[in-house]
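To start, the structure itself, in structure tokens.
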Amino acid sequence: MIIVCKASANEEKLNKLIAHLNSLGLETHVSIGVMSTVIGLIGDTSKVDIESLEAWDITEKVKRVSEPFKLANRKFHNEPTVIDINGVKIGDKYFSVMAGPCSVESEEQIIACAKSIKAAGGNILRGGAFKPRTSPYAFRGLKEKGLDLLLTAKKETGLPVVSELMSLEHLDLFSDIDIIQIGARNMQNFELLSELGKCGKPILLKRGLANTIEEWLMSAEYIMASGNPNVILCERGIRTFETTTRNTLDISAVPVLRGLTHLPVIIDPSHATGKATLIHPLAKAGVAVGADGLMIEVHPTPEQALCDGAQSITPQKFAEIMSDVKTLCHIEGRIL
Ligand code: PEP
Ligand code: MN
């Protein structure tokens, strides 16, 4: 971190600021120029509050030169994190495909989905029970019953399951759910993230609708800082000016994250595009760009889906996509 001081900064004021920085456990390197004086901070600046330094009257500006996230940072943990979900691994050379309906709707629907996903080679079953919907009048999920049905499908097929948690008051209901999904709308629900850090279960953290990669990694940091290192990041598209797709898939987020973090990253082409016809090409792009997995919405009868039908693909289409995904994984040396 660098502090650029105003030309008006005299020695007394500079010394006061330096003493304050030293009291925060930071060493300083001061270079006095003609127009301004620059203080370089040496040490762990991840807990330094930029705004409080900007409040000093001799401060012109403060600039971070290293990332504010530590536990998620590749610099301090070079080995890629591999998360083991009941024997299904994700990260490094292990590729994983999470698939299933947007919402669990009935026993028949989720069992049919689970069986076809397993048969096609998908290795984790997704299904929403608590649904974040824009309209309070839309179908908001079967809630506890939905989780029970998801667990029935888990028992029937052996597939680990992932489902979205929206409120801490439901956490107890998720004890047998293998991965807790935190949806885009809750990516910055910091209380929720901190509490999930204490639960030890793998967390699938979706990117917020309008969040930067750094903000997303800071949210992962919240979970990790309270004791849970098992975070999987999911790029699910961001809001842009484009309207032909529901969101814009930020495919470059994958290699960008690869350089910044050791955490696994997956791609969700379903929420990124909102269109069933776009899932196949973007699933292939996900493998090619080096993602650690995919999340895809699959429904036995998309036209009857209670949520996200337009982006849901049929089990037949899923099998076709899986065939290409497996071929690409093989070429890339990934294990699926
Ligand atoms: C979902 O996975 O069904 C979902 C609601 O996703 P997102 O939070 O990415 O919108
Ligand atoms: Mn959905």
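Things worth noting here:
- Per residue solvent-accessible surface (Å²) - the chain, probe of 1.4 Å: 45
- P(r) for the stretch 34-118, from all Cα pairs and a bin width of 10 Å, is 12, 24, 18, 16, 15, 11, 4, 0 %, short bins first.
- Two-site label geometry, ARG74 and LEU24: point separation in nm, points 7 Å out along Cα→Cβ: 2.7
- Charge dipole (debye, nearest 20) of the chain; +1 at Cβ of Lys and Arg, -1 at Cβ of Asp and Glu: 520
- Accessible surface of the stretch 167-255, 1.4 Å probe, proportion on carbon and sulfur as whole %: 51
- Ranked by the mean number of other Cβ atoms within 10 Å of their residues, highest first, the peptides 145-151, 94-100 come out as 94-100, 145-151.
- All lysines inside 19 Å of LYS93 as judged from Cα atoms, apart from same-chain residues fewer than 8 positions distant: LYS284, LYS326
- Three-way shape call for the stretch 93-144 based on the alpha-carbon gyration tensor, with the a/c threshold at 1.5: oblate
- GNM top mover of PHE241, PHE130, PHE190 - the chain, alpha-carbon springs below 10 Å: PHE241
- Per residue, the convex hull spanned by the Cα atoms of the chain measures out at 154 cubic angstrom.
- When each of the peptides 279-285, 218-224 is scored by the mean number of other C-beta atoms lying within 10 Å of its residues, the order from highest to lowest reads 218-224, 279-285.
- Shape of the stretch 128-271, Cα gyration tensor, a/c cut at 1.5: oblate
- Between ASN15 and LYS143, full extension at 0.36 nm per residue minus the direct alpha carbon distance yields a gain of 40.2 nm.
- Take 53-62, 159-168 and order them by the average number of nearby Cβ atoms within 10 Å per residue, most first; the result is 159-168, 53-62.
- Gyration tensor (alpha-carbon) shape descriptor, the stretch 194-307, a/c threshold 1.5: prolate
- Residue among GLY25, GLY227, GLY197 with the largest mean-square fluctuation in a Gaussian network model of the chain, springs linking Cα atoms under 10 Å: GLY25
- Start at zero, step by 10 Å, and the Cα-Cα distances of the stretch 248-336 spread as 17, 47, 28, 7, 0 percent across the bins.
- If R0 equals 51 Å, the separation of the Cβ atoms of LYS93 and ARG133 corresponds to a calculated FRET efficiency of about 0.85.
- Only protein heavy atoms count here; on that basis, with a 1.4 Å probe, THR248 has an accessible area of about 40 Å².
- As a length-normalised measure over Cα pairs under 8 Å and 6 or more apart, the relative contact order of the chain settles at 16 percent.
The values are calculated or read from the model by the stated rules, or taken from the named source; none is laboratory data. Keep in mind that this is a model prediction, so the values were computed, not measured. We place every Cβ from the backbone using ideal geometry, glycine too, and count neighbours over all the protein chains shown. Quick note on the areas: whole protein, heavy atoms, side chains included, nothing else; ligands and nucleic acids left out. Shrake-Rupley method; radii C 1.70, N 1.55, O 1.52, S 1.80 Å.
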